[in-house]
Structures are given as structure tokens and as C-alpha cells.
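The values are calculated or read from the model by the stated rules, or taken from the named source; none is laboratory data. Quantities reported herein were computed from a predicted structural model and do not represent experimental measurements. Here Cβ is always computed from backbone atoms with ideal geometry, including for glycine, and neighbour counts include all displayed protein chains.
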Amino acid sequence: MSTLTVLNHPLIDHKMAIIRDKNTGSKEFRESVSEIGMLITYEISRNFKTIPINLETPMQKTTGYILAKPVVIVPILRAGLGMVDGIHKIIPTAKIGHVGFYRDEETLLPVEYFSKFPKNITKSTVLVVDPMLATGGSASATISLLKKRNVKDIRFIAIVGCPEGVKKLQEDHPDVAIYLAAMDARLDEKGYIVPGLGDCGDRLFGTK
């Protein structure tokens, strides 16, 4: 069973209150989503492996440490884009892939319409990001795409999750760690997280 970590941090909680508020405008919403992505990444990167290198300071030779593997960020379009800048600020060397799904309105199942990944992805730590882990369909399908490309080190990052989405990921991909800023109560009849924060993509890009 994959591990689930719900992060507990005062700054994350503060910014969560901003993005949950229906009166928050697109600019502040985008900035806060990006900042939450940055804070989550800082916390979870504690587990990244490093390797020693020889270097020389202005004073003497010494040993430094760098990440053992490159990092690739894979946002699930389109809402996942809102988290990319914040993560990139923490790991500016990271490459970025993209995956796009739309949800069939009748079956609620994800349908792929776009995917593109960096060449070095099989040797990388891959962070799959989507602000909302709702039904878990798009997240699970994205991870399956990556595994078909022989990616072994995959972590899933969301801002808000719910039991239904977590269960789906844990059942489909028990080897993938899940990180959330908040765990909400449930899905409603339309597949939205409650209490949630509404349609994250629409709020990010001002399309509704």
C-alpha cells in the first residue's frame, strides 16, 4: 500500500485558507497555489537522495552534495500548471513534461489527449502534480503512462485530496507515495471535492 502524507505546516494552512475562500481573485489564487506547490516540494524533498562531490571553496577543498537523480515535473493539464512555477523555484534544474486528459461526462473516466516527456525521464525522480486528487482517474492514468515508459521513481503531489481519490491511487499504484496539503471529506455527485476549493483550473485562469 502506498504511503499517504498530509503535510502539517502553518504557512501551508495559511495559504490554504486563501485558496478555499470563494472571494479570492485569480491573481492571489494563482500566487497561493504556486506557493503551496513550493512549500510542499521543500518538505517532501527531505527524502531525496544525494551523492557527494569534490569541490573547492575560496578557502580549501571540501565535499559537497548534489541530488543523486535529475527531477522531472509532470503537471496534469491544465490545473497542474498552477503548481509548476513554485516547484521550479525550489528545483530550477528540473525538466517539465505534460499530460492532458479530459473527463468523460458520462463515465467520469479520463481520456488522454496529450502527453510529452523529457528524454531522461526514465532515470529521474518524477513529480506528478495536480492540485486536486478527486476521483483519482487522471492521476492513476498519468502514472500508468509513466510506468509504460519504464519510470520507476514516481511521487504524486496534490493540494487537496479526498478518500475516494486516495483509495484509487493506492489500489492502482501501491508503490507511489502520495503527498497532500489537505485531506477533505468526500466527493459530491458531480465528482467535485467537498469542501474543496471549487474548479481549480477555472479559478487559476479566470475562465469561469
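In table form, for the structure just shown:
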| item | result |
| --- | --- |
| Test for residue 46: is it closer than 24 Å to residue 100 by Cβ and of a type outside the set (S, T, N, Q) | no |
| Residue selected from the stretch 140-177 under the condition of a type in the set (A, V, I, L, M, F, W, C) and in contact with a Lys or Arg (Cβ under 8 Å, 6 or more places away or on another chain), by the criterion surrounded by the most Cβ atoms within 10 Å (Cβ to Cβ) | 162 |
| Subset tally (residues that are more than 29 Å from residue 135 (Cβ to Cβ) and either touching a strand residue (DSSP E or B) at 6+ places or on another chain (Cβ under 8 Å) or surrounded by 11 or more Cβ atoms within 10 Å (Cβ to Cβ) (or both)) for the stretch 31-47 | 0 |
| Single match in 181, 158, 139, 134 (criterion: over 20 Å from residue 100 (Cβ atoms) and of a type in the set (A, V, I, L, M, F, W, C)) | 181 |
| Qualifying residue in the stretch 53-62 (condition: hydrophobic (A, V, I, L, M, F, W, C), modelled with pLDDT of 95 or more and within 13 Å of the chain's Cα centre (by Cα)) | no |
| Residue ID - surrounded by the most Cβ atoms within 10 Å (Cβ to Cβ), chosen from residues in the stretch 58-103 that are touching a strand residue (DSSP E or B) at 6+ places or on another chain (Cβ under 6 Å) and among the hydroxyl-bearing types (Ser, Thr, Tyr) | 102 |
| Residue tally, condition of a type outside the set (A, V, I, L, M) and within 22 Å of residue 44 (Cα to Cα), over the stretch 90-117 | 5 |
| Every pair of residues 6+ apart whose Cβ atoms lie under 8 Å, when the first sits in the stretch 99-128 and is modelled with pLDDT under 90 while the second is part of a loop (DSSP other than H, G, I, E, B) and of a type in the set (A, V, I, L, M, F, W, C) | 103/109 |
| Test: residue in the stretch 71-86 that is basic (Lys, Arg) and free of Cβ contacts under 8 Å to residues at least 40 places away in the same chain | no |
| The stretch 131-152 residues that are on the phi < 0 side of the Ramachandran plot, paired with ones that are aromatic (Phe, Trp, Tyr) and buried (at least 24 other Cβ atoms within 10 Å of the Cβ) (beta carbon under 6 Å, 6 or more apart) | 139/156 |
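One line per residue, one yes/no per condition, for (1) of a type in the set (Gly, Ala, Ser); (2) over 13 Å from the mean Cα position of the chain (by Cα); (3) in a helix (DSSP H, G or I):
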{"site": "82", "(1), (2), (3)": "yes, no, yes"}
{"site": "85", "(1), (2), (3)": "no, no, yes"}
{"site": "92", "(1), (2), (3)": "no, yes, no"}
{"site": "102", "(1), (2), (3)": "no, yes, no"}
{"site": "105", "(1), (2), (3)": "no, yes, no"}
{"site": "138", "(1), (2), (3)": "yes, no, yes"}
{"site": "141", "(1), (2), (3)": "yes, yes, yes"}
{"site": "157", "(1), (2), (3)": "no, no, no"}
{"site": "166", "(1), (2), (3)": "no, yes, yes"}
